[in-house]
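Here, each number is a calculation from the coordinates, and none is a lab measurement. Keep in mind the model is a prediction, meaning the values are calculated, not measured. Ideal geometry is used to build each Cβ from the backbone, glycine not excepted, and the neighbour counts take in all protein chains shown.
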Amino acid sequence: MALIEIENMEFHANHGHFTEEQVIGNTFLVDLKIEYNSENAQKSDNLKDTVNYQRAYEIVKREMKICSHLLEHVAARIIDSIIAELPGVESTQVKVSKVNPPMGGKIQKVSVTLRKTVK
């Protein structure tokens, strides 16, 4: 079993409950973990035998462009797309963080983490 981790992907996106967030947008950070069986890739040294993490990044980027009210919704879309589009994924975890959320005080970020295992 292997673990791919893509950390601190940064995006400007328009996610949030408040109208201002949907218009102005905010900075978001995404951490992605993908577990898969890497046995074939270890032997072959061939990209076709592994989970392509460039493609995983493209999926995250695409999903971050879709406006959502809740971080849970964004994270669920990312997870579902990763599992559906990347053969060999056995489980995935995504953490979506909103930097400087508009909560009336100094807050570095707020995050939601979801995890899903393929059955």
If you stretched the chain out fully between Glu7 and Lys48, how much longer would it get, using 0.36 nm times the residue separation minus the C-alpha to C-alpha distance? 12.5 nm
Which FRET efficiency, nearest 0.05, do Asn40 and Thr113 yield, Cβ-Cβ r, R0 25 Å? 0.30
Would you work out which of Leu47, Ile107, Tyr57 lies farthest towards the positive end of the dipole of the chain? Charges go on Cβ: Lys and Arg +1, Asp and Glu -1. Ile107
Under Karplus coefficients 6.51, -1.76 and 1.60, residue-wise ³J(HN,Hα) of the stretch 20-31 in Hz, glycine/proline x: 4, 5, 6, 8, 7, x, 7, 8, 10, 10, 10, 10
Explain nothing, just compute: Karplus ³J(HN,Hα) = 6.51 cos²θ - 1.76 cosθ + 1.60, θ = phi - 60°, for every residue of the stretch 61-78 in order, whole Hz, x for Gly and Pro. 4, 4, 5, 5, 6, 8, 5, 9, 7, 10, 4, 4, 5, 4, 4, 5, 5, 4
Residue-span extension gain [Thr27 to Ile66] - 0.36 nm each, minus C-alpha spacing: 12.6 nm
Send over the per residue convex hull volume for the chain, Cα only, as a whole number of Å³. 92
